[in-house]
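Everything below concerns the one structure shown next.
Each reported figure results from applying straightforward, stated rules to the coordinates on display, with no laboratory input. Quick caveat: nothing in here was measured; it's all calculated off a predicted structure. Methodologically, a virtual Cβ is constructed for each residue, glycine included, from the backbone with ideal geometry; neighbour enumeration extends over all protein chains shown.
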């Protein structure tokens, strides 16, 4: 069994581009660790028109994690920026669909192309 105590539940990597930034999320976005995402992304909003959350290595999220995504979406929208999601796992896609948020977020595919 893997030792989860040694590694953080959630970590992020920030990769800046011209007027956008990609934030790669690793681990689980669950209660108790949402501040890692919120505190890592909020400062990026004023200086970037486009923030892309790459969820390819996000294994699980719960309702608290979903709330963090919504808070970031609202903060970005209020600042005139966009928050976009890419590489959603089936669990996260199902959660967004179940809560009717799949239509709220902009979901993008490969090469940062929007999926309609």
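Some points to look at:
- In terms of the mean number of neighbouring beta-carbon atoms within 10 Å, the peptides 100-108, 37-45 order highest first as 37-45, 100-108.
- Three principal axis lengths of the range 4-70 [C-alpha, angstrom, descending]: 36, 22, 17
- Restricting the calculation to alpha carbons of the range 36-79 gives Rg and Dmax of 10.7, 29 angstrom.
- Beta bridges by DSSP in the range 10-112, antiparallel share as percent, to the nearest 5: 30 percent
- Segment residue 77-residue 13, length gained on full extension (0.36 nm per residue, minus Cα span): 20.8 nm
- 86, 64 arranged by Cβ crowding within 10 Å, fewest neighbours leading: 64, 86
- For the chain, averaging the sequence separation of C-alpha pairs within contact (under 8 Å, six or more residues apart) and dividing by the residue count gives a relative contact order of 22 percent.
- Note that the chain, at 20 °C in a medium of 1.002 mPa s, gets a Stokes-Einstein diffusion coefficient of 150 µm²/s from its Kirkwood radius over C-alpha pairs.
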